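Bear in mind these aren't lab numbers, they're just calculated from the coordinates by the rules spelled out. None of these values were measured; they are calculated from a predicted model. All Cβ positions, even for glycine, are placed from backbone atoms using ideal geometry, and neighbour counts span all protein chains on display.
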Amino acid sequence: MFKNNNNNNFFMTMLISFLSAFFIYQYRYRIINTIIGTSWIRRLAVSGALQIPFIRDRFLSRFMPF
C-alpha cells in the first residue's frame, strides 16, 4: 500500500534541505549579526580566530608594524 513512502521521504528531506539552505543564504548577515551580538560567543570567536597563526600575524602586523 505504501510502496513509495521511501521516495516521498527522500523528496521531502531534499525539499526541506534546499529551502533551509536558501533561507540561511538569504538571511546570512542577519544570522551572523545575531550570533556575534552575544558577547560570550563574540569573545569565543575572536579568541578562536587569534589561535590561527596566519590571522594572528596579520592582525598584529597592522597594529604593531615594528
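Out of all the residues in the range 28-48, which are out of contact with any Lys or Arg (no Cβ under 8 Å at 6 or more places or on another chain) and of a type in the set (A, V, I, L, M)?
Scanning the range 28-48 gives I31, I32, I35, I41, L44, A45, V46.
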The range 28-66: number of residues that are of a type in the set (D, E, K, R) and either surrounded by 11 or more Cβ atoms within 10 Å (Cβ to Cβ) or in contact with a helix residue (DSSP H, G or I) (Cβ under 8 Å, 6 or more places away or on another chain) (or both) = 2
